[in-house]
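Engineer: Questions regarding the structure given below will be posed in turn.
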Amino acid sequence: MSAVALAVPYLDTGAEQLAFALDLPAQPALAVTEADLGRGRTAELRLLGASHQVFAGPVRETVACLPGCHGPLPATVRSDVQGWGYTFSSEIRQYPPAEFSRRVARLRADLAGRPGALCGVFPGSPDAVTGMCVTAGAAPGWRTWHAYPQEHRIVSTRTCLELP
């Protein structure tokens with residue numbers, strides 16, 4: 001899927017304010033796509049004004065700035081979700097301004113037209129991006145990126161599943 005230009009305000013205020021949850025209901029989505037995880041399983045990638053949600057089987061991952069949810073993101077989470085093995089990891093990196101813009105441009109190019117990907121560009125800066133893509137194969141899951149141009153920071157997450 002190519003990048004989606006979003007006509008909504010950028011709600012995330014900073015990388016440290018992103019929170020993690022595995023049990024939230026569906027939040028209003030700006031864009032949604034279904035992606036193949038392999039072995040007959042799919043994931044629903046949901047781009048939120050406040051970041052993202054991914055639903056796969058019983059897994060309901062939310063990484064977002066939402067009322068009642070507090071950051072920062074955990075570095076690692078391992079859990080069993082109704083028989084599905086679940087591993088989440090996150091990392092925040094800060095870059096010099098030019099390097100930050102190059103990395104975001106490369107991310108947008110990598111996700112453009114890629115099956116099982118979703119990339120939202122928020123108004124005000126081509127570097128205000130949330131990108132997501134599935135990773136199928138032996139270790140199915142997904143990766144996400146949340147770019148904060150005001151901080152020159154990119155939050156990346158990786159989720160791996162062990163399917164029953």
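Engineer: D12 versus (1) at pLDDT 90 or above; (2) within 13 Å of V155 (Cβ to Cβ); (3) of a type in the set (D, E, K, R): which is the lone unmet condition?
Structural biologist: (1)
Engineer: Moving on. Could we say that T130 is closer than 24 Å to V59 by Cβ and touching a Leu at 6+ places or on another chain (Cβ under 7 Å) here?
Structural biologist: For T130, the condition - closer than 24 Å to V59 by Cβ and touching a Leu at 6+ places or on another chain (Cβ under 7 Å) - is met.
Engineer: Do the conditions hold for A112, that is, is it at pLDDT below 90 and either touching a Ser or Thr at 6+ places or on another chain (Cβ under 6 Å) or surrounded by fewer than 19 Cβ atoms within 10 Å (Cβ to Cβ) (or both)?
Structural biologist: It is false that A112 is at pLDDT below 90 and either touching a Ser or Thr at 6+ places or on another chain (Cβ under 6 Å) or surrounded by fewer than 19 Cβ atoms within 10 Å (Cβ to Cβ) (or both).
Engineer: For the range 74-90, does any single residue satisfy the condition of being in a strand (DSSP E or B), modelled with pLDDT of 95 or more, among the hydrophobic types (A, V, I, L, M, F, W, C) and farther than 18 Å from V134 by Cα?
Structural biologist: Yes, that holds for at least one residue.
Engineer: Consider the range 129-144. How many of its residues are in contact (Cβ under 8 Å) with a residue 60 or more places away in the chain, of a type in the set (A, V, I, L, M) and not in a strand (DSSP E or B)?
Structural biologist: Qualifying residue count, the range 129-144: 1.
The values are calculated or read from the model by the stated rules, or taken from the named source; none is laboratory data. What you see is a predicted model, and the numbers here were worked out from it, not measured in a lab. Positions of Cβ are backbone-derived with ideal geometry, glycine not excepted, and every protein chain shown enters the neighbour counts.
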